Amino acid sequence: MKQGMVYLVGAGPGDYKLISVKAIECMRVADVVIYDRLADERLLELVRPEAELIYVGKASSAHTMKQTDINRLLVEKALAGKVVVRLKGGDPFVFGRGGEEALELEARQLPYEIVPGITSAIAVPAYAGIPVTHRGVATSFAVITGHEDPAKEKSTLRWDKLATAVDTLIFLMGVENLPYITSRLMQYGRAADTPAAIIRWGTKPQQQVWETTVEQAASMAETEKITAPAVFVVGEVVRLREKLAWFEKRPLFGRKVLVTRAREQASALTARLEELGAQCLEAPAIKIVPPESFAKLDQAIGELSQYHWIIFTSVNGVEFFFRRLREAKLDARALAGIKVAAIGSQTAGMLKRHGILADLVPVEFRAEGIAEALQGRVEAGMRVLIPRAAVARDILPEALREMGVGVNVAPAYQTVCGDTEGKKLAGMLADGGIDLVTFTSSSTVTNLCALLGPDYVHLLKKAQVACIGPITAATCAEHDITPDIIAEEYTIDGLVTAILKQ
């Protein structure tokens, strides 16, 4: 039987991009991933499709699986010869119970590795603009569990030493015990007016920070109804937040944005919006899939030498065209002597990745623009190939035919309705849980409306609507939706720029 292996992996403090390269390597080879509540689920996209995913998340007073059962599960999967990743929020050895899991594996003589993660004890204050040490302010810090049961007869914490011996105190998982924690600190000499901060969902777009004092922290948590996960920071370094609160100063911080692009394309828009502070929900309204038949495209590829121009109207058209080119055992050399046009800088960029520099990229990124730009470049009798979506506007082919050009429109892909859960999305819109809905094509509009159901007009009035250009905006109008934002440049960057101007 194959030798099993267990990786005890720290997923970091919440921002999924803070995971280590080593951790990513482990995720990609895992047969089984056993993950916690605080590990961002987007990290699971790193896992192979056939890998087994097991959720063992633990929230305060609500454990999906007891620690002894988790230990037993790790042993069971390793004995079965599996490569196991135990994915834990933060760092496995900072209140992550990684030591207990490692000892269990050691006792069974099973191989394991520890993959450290960025601990929330340092990262969460950093994202709140609070350095845990600072020259002239704090030269020491301590990380303390906030989970200790106040009803215990004897505390394992030396409050008499801890309260004043260290400049900065960081309590993890302690929001429910703040009355006990703060009373102990004051009892043993920490000044009541010492600056403090409560940071909820630190490092994530929904991060919230409350500045307070040791004396007022518990009552503030109760008044504001602050719940876990939260980090409690005590010390003079909290005052630095006034100047260093960088994370919350980003222009889209706190805004919840719905990204409706196809799943494989959503990441580009999501990444740009998240860099600017937005909290993105990817709910693909469309899926990009092969057409019902490649016959027409394959025939065109077999007759490429007969064409004078190939016009690509989208990144998807480029991708599917070159896939079929490779299927025919051909590469970019097959386009020798053929002029190439691209609608949009992103389409031109994708062509460049395939070794083709577009001969024409019109200033106006839509069919009307390319038809106008081709005036004087194409002549009657020429042949043009357009690999594009199975269903699309016919303005460009019709304009070319009016010039006497022979046009072959070959379906390279099609868009179908996405697998997003419409009822859940409708509920979020109804409750005001989404601030902005982005549409990047006419098909995203049509399919999102279908997913939301007959009340879509009312639901979409609950949020702002942003469109990538006038064609998409016109589709919105056909569905009685009035866009609040229309990008002047019909690209992802153009859409983001338009959102920022709003």
*Could you please give the count of residues in the stretch 230-282 that are buried (at least 22 other Cβ atoms within 10 Å of the Cβ) and within 11 Å of the chain's Cα centre (by Cα)?*
5
*Quick check: anything in the stretch 458-468 within 22 Å of the chain's Cα centre (by Cα), farther than 30 Å from GLU292 by Cα and in a loop (DSSP other than H, G, I, E, B)?*
yes
*Looking at (1) closer than 24 Å to PHE171 by Cα; (2) exposed (fewer than 14 other Cβ atoms within 10 Å of the Cβ); (3) modelled with pLDDT of 95 or more, which is the one condition that is false for ASP149?*
(3)
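Could you grab me the full set of residues in the stretch 17-45 that are crowded, with 19+ Cβ neighbours inside 10 Å and outside any loop (DSSP other than H, G, I, E, B)? I'd like the intermediate steps shown before the answer.
Step one: of the stretch 17-45, the residues crowded, with 19+ Cβ neighbours inside 10 Å are 19, 23, 26-27, 30-36, 38-40, 43.
Within the stretch 17-45, ALA23, CYS26, MET27, VAL32, VAL33, ILE34, TYR35, LEU43 qualify.
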_All helices (runs of 4 or more DSSP H) inside the stretch 185-296 with 3 or more residues being outside the structural domain of THR139 (by TED's automatic domain parsing)_ = 263-275
*Of all residues in the stretch 67-109, which are polar (S, T, N, Q) and farther than 29 Å from ASP15 by Cβ?*
THR68, GLN109
*So which of ILE144, ILE130, ILE114 is within 23 Å of LYS77 (Cα to Cα), among the aliphatic types (A, V, I, L, M), surrounded by 14 or more Cβ atoms within 10 Å (Cβ to Cβ) and under 31 Å from the mean Cα position of the chain (by Cα)?*
ILE114
*Pairs with Cβ under 7 Å, 6+ apart, first in the stretch 162-187 and at negative phi and crowded, with 18+ Cβ neighbours inside 10 Å, second in a helix (DSSP H, G or I) and of a type in the set (S, T, N, Q)*: LEU172/SER120
_With free of Cβ contacts under 8 Å to residues at least 24 places away in the same chain, hydroxyl-bearing (Ser, Thr, Tyr) and within 23 Å of ALA487 (Cα to Cα) as the only criterion, which of THR270, THR260 stands out?_
THR270
*Taking the stated definitions as given, is PRO411 closer than 29 Å to LEU330 by Cα and without any contact (Cβ under 8 Å) to a residue 24 or more places away in the chain?*
no
*Out of (1) more than 32 Å from the chain's Cα centre (by Cα); (2) hydroxyl-bearing (Ser, Thr, Tyr); (3) surrounded by 21 or more Cβ atoms within 10 Å (Cβ to Cβ), what's the single condition that is false for THR156?*
(3)
*Could you tell me whether the stretch 66-78 includes any residue that is over 27 Å from ALA228 (Cα atoms), surrounded by fewer than 18 Cβ atoms within 10 Å (Cβ to Cβ) and either in contact with a strand residue (DSSP E or B) (Cβ under 9 Å, 6 or more places away or on another chain) or not assigned by TED's automatic domain parsing to the domain that holds CYS280 (or both)?*
yes
*Could you check, for the stretch 382-397, whether at least one of its residues is among the β-branched types (Val, Ile, Thr), in the same structural domain as VAL318 (by TED's automatic domain parsing), assigned to a loop (DSSP other than H, G, I, E, B) and farther than 30 Å from SER305 by Cβ?*
no
*asked:* Tell me whether the stretch 312-323 contains one or more residues that are in a strand (DSSP E or B) and touching a strand residue (DSSP E or B) at 6+ places or on another chain (Cβ under 9 Å).
replied: yes
*Going by the structure shown, is ARG86 outside any helix (DSSP H, G or I) and surrounded by 22 or more Cβ atoms within 10 Å (Cβ to Cβ)?*
yes
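The values are calculated or read from the model by the stated rules, or taken from the named source; none is laboratory data. Fair warning: this is a prediction, and the values are worked out from it, not measured in the lab. With ideal geometry, Cβ positions are generated from the backbone for all residues, glycine too; neighbour counts draw on all protein chains shown.
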